[in-house]
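The values are calculated or read from the model by the stated rules, or taken from the named source; none is laboratory data. Just so it is clear, the structure is predicted and the values come from calculations on it, not from any experiment. Virtual Cβ from ideal backbone geometry, glycine too; neighbours counted across all protein chains shown.
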Amino acid sequence: MTARKRVSDEELSQIIANLQKRLCELVKQKGVLTDGAVVQVSQELDKYIVESQRRKRKS
């Protein structure tokens with residue numbers, strides 16, 4: 001997330017929600033949690049969740 005522009009808290013929440021939905025859809029489609037696409041989206045989601053938690057701790 002370091003190379004990306006700073007997004008508002010609201011935008012960050014929306015990104016997280018969208019990635020969660022995408023992750024659920026991918027798991028249903030692929031049928032396994034270890035599929036490369038599933039892992040990739042999961043790792044991206046993790047980065048945004050960590051950023052969200054950092055922001056909440058600071059405020």
Checklist outcome for this item: Exception for GLU51 within (1) without any contact (Cβ under 8 Å) to a residue 40 or more places away in the chain; (2) surrounded by 13 or more Cβ atoms within 10 Å (Cβ to Cβ); (3) not hydrophobic (A, V, I, L, M, F, W, C) falls at (1)
Checklist outcome for this item: Over region 1-29, the set of residues surrounded by fewer than 14 Cβ atoms within 10 Å (Cβ to Cβ) and charged (D, E, K, R) is ARG4, LYS5, ARG6, ASP9, GLU10, GLU11, LYS21, GLU25, LYS28
Checklist entry - Checking VAL39 against (1) at pLDDT 95 or above; (2) assigned to a loop (DSSP other than H, G, I, E, B), which single condition isn't satisfied? => result (2)
Checklist entry - Just a yes or no: is a residue in region 9-30 at pLDDT 95 or above and in a loop (DSSP other than H, G, I, E, B)? => result no
Item to check | Hits in region 1-48 (condition: of a type in the set (A, V, I, L, M) and touching a residue at least 24 places away in the same chain (Cβ under 8 Å)) | outcome: MET1, LEU12, ILE15, ILE16, LEU19, LEU45
